[in-house]
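Before any comments, here is the structure.
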Amino acid sequence: MKKVILRYGGYSALAELVSFILVWLLLTLVQIDIKVQGTIGWVVIVCPLVFVYFGIRYFRDNMNNGSISFLKALQIGLVMILIPAVAYAIIETVYVEYLDPKFYERISQYEIAEYQKTLSPAALAAKLQEIKQELTLNANPLYNFSVIYALGTIITVLSSLLLMKGKKASEV
């Protein structure tokens, strides 16, 4: 089980890194709208977590005689997502600390400009406070880890539900 967790968790972490670098290069070369950048960013964050599904399926089919309980699949997936969550926290921290320290500031400035068009002054003041709190959270590697771990948990639960399979009556 340990090898499967390390292998597929490592694949997921590597996919996080490679997709991050590719998107970073793309955004450096091509000017893309900030809303589209946000969508691309979430896709890049979530897609590598598909390796959780493949890891659980590999364990079920190749190491556990074709069956796995929901709880065992959940256990494997929750441990597996620790690896890409740590990788993402490191990647994000390096990016916002060293490569683009104004990243979140630019996003918040864009959001503020958009909210100024639509919100009343009182609602805008509340939104500005919320944006300020988000900026503080985004600078925290533990927060970044938590976000990915939460997304990975959702994917793990879904994967566990899809993949759970008991032994057939003839095999018992």
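Numerical summary
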| read-out | value |
| --- | --- |
| Distance violations [Cα-Cα > 30 Å] among LYS2/LYS165; LYS2/LYS102; LYS102/LYS127; LYS35/LYS127; LYS2/LYS35 | LYS2/LYS102; LYS2/LYS35 |
| Linear extension gain, LEU158 paired with PHE103, 0.36 nm per residue minus alpha-carbon span | 16.6 nm |
| Rounded tilt (10° steps) of 2-29 against the dominant C-alpha axis of the chain | 30 |
| Gaussian network model of the chain, springs between alpha carbon atoms under 10 Å - residue of TYR98, TYR88, TYR143 with greatest fluctuation | TYR98 |
| For the chain, convex hull of alpha carbons as volume per residue, Å³ | 133 |
| Rounded tilt (10° steps) of 103-118 against the dominant C-alpha axis of the chain | 70 |
| In range of the label at ILE21: residues from the stretch 86-123 whose backbone nitrogen is under 16 Å from the point 7 Å along Cα→Cβ | 87-88, 90-92, 94-95, 99 |
| VAL30-TYR115 FRET efficiency (beta carbon distance; Förster radius 30 Å; 0.05 resolution) | 0.65 |
| Within a Gaussian network of the chain (alpha carbon springs, distance under 10 Å), most fluctuating of GLN129, GLN75, GLN37 | GLN129 |
| The chain: angle of helix 141-163 to the longest principal axis, Cα-based, in degrees nearest 10 | 40 |
| Most mobile listed residue (GLY66, GLY152, GLY77) in the chain, GNM with C-alpha springs under 10 Å | GLY66 |
| Distance (nanometres) between label positions extended 7 Å along Cα→Cβ at PHE70 and ALA123 | 4.0 |
| Span from the the stretch 96-172 Cα centroid across to the the stretch 1-77 one, whole angstrom | 16 |
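None of the figures in this text is laboratory data; all of them are computed from the coordinates on show. Note that this is a predicted model, so its numbers are computed, not measured. Cβ sites come from the backbone with ideal geometry, for glycine too, and all protein chains shown count toward neighbours.
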